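As structure tokens, the structure follows; a few thoughts come after it.
What follows is calculated from the coordinates using simple rules that are stated; it is not laboratory data. As the structure is a prediction and not an experimental result, all values here were calculated from the model. Please note: Cβ atoms are built from the backbone with ideal geometry, for glycine as well, and neighbour counts cover all protein chains shown.
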Amino acid sequence: MKATLILTVLALGLASCAAPVPAATTDAAPASSTAKVAKKKVAAKPKPYPLKTCLVTDDGLDDMDERVSTVYEGQTFEFCCKPCLKKFNKNPGKYVRALAKAKG
């Protein structure tokens with residue numbers, strides 16, 4: 001009797017494991033048909049710095065042996081040293097106008 005009970009429980013257990021699982025239903029189309037390809041934004045190459053001098057001190061760019069640069073609004077700005085870059089960062093508009101004036 002004990003063996004019959006164990007076999008029945010095992011048979012029912014195995015039968016429940018073998019039952020098919022209903023597939024999930026969704027209203028959405030497959031991802032491959034609705035996926036949008038994201039356009040990769042490619043950063044435009046910044047304009048090169050046109051001068052041979054620092055906008056802050058008007059010294060040659062290589063006079064201090066600390067030449068540094070930054071890009072602001074798509075324009076590269078070069079400076080003779082880090083303190084000049086700090087001054088630029090405090091008021092970049094001033095140096096943007098100075099560069100426009102220097103270029104003519």
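Semi-axes of the equivalent ellipsoid for the stretch 60-103, please: Cα gyration tensor eigenvalues, times 5, square-rooted, ordered largest first, whole Å.
One finds semi-axes of 17, 12, 9 Å for the stretch 60-103.
Please turn the phi angles of the stretch 51-63 into ³J(HN,Hα) values with the Karplus equation 6.51 cos²θ - 1.76 cosθ + 1.60 (θ = phi - 60°), one per residue in order, whole Hz, x for glycine and proline.
Computed from phi, the couplings for the stretch 51-63 are 9, 9, 10, 7, 5, 7, 9, 6, 7, x, 5, 9, 5 Hz.
In whole Hz, with x marking every Gly and Pro, tabulate ³J(HN,Hα) for the stretch 77-93 from phi via Karplus 6.51 cos²θ - 1.76 cosθ + 1.60, θ = phi - 60°.
Ordered by residue, 3J(HN,Hα) equals 10, 10, 9, 6, 7, 4, x, 5, 5, 4, 5, 4, 5, 6, 8, x, x Hz.
Could you please report the charge total around Val68, scoring K, R as +1 and D, E as -1 over all other residues with beta-carbon less than 14 angstrom from its beta-carbon?
-2
Once amide H atoms are placed 1.01 Å from N in the peptide plane, what residues at a sequence separation of 5 or more from Gln75, or on another chain, have their amide H within under 5 Å of its amide H?
For Gln75, whose amide H was placed from the backbone, the distant partners under 5 Å are Lys47.
Give me the percent relative contact order of the stretch 46-104, please, defined on Cα pairs under 8 angstrom at least 6 residues apart.
Rounded, it is 32 percent for the stretch 46-104.
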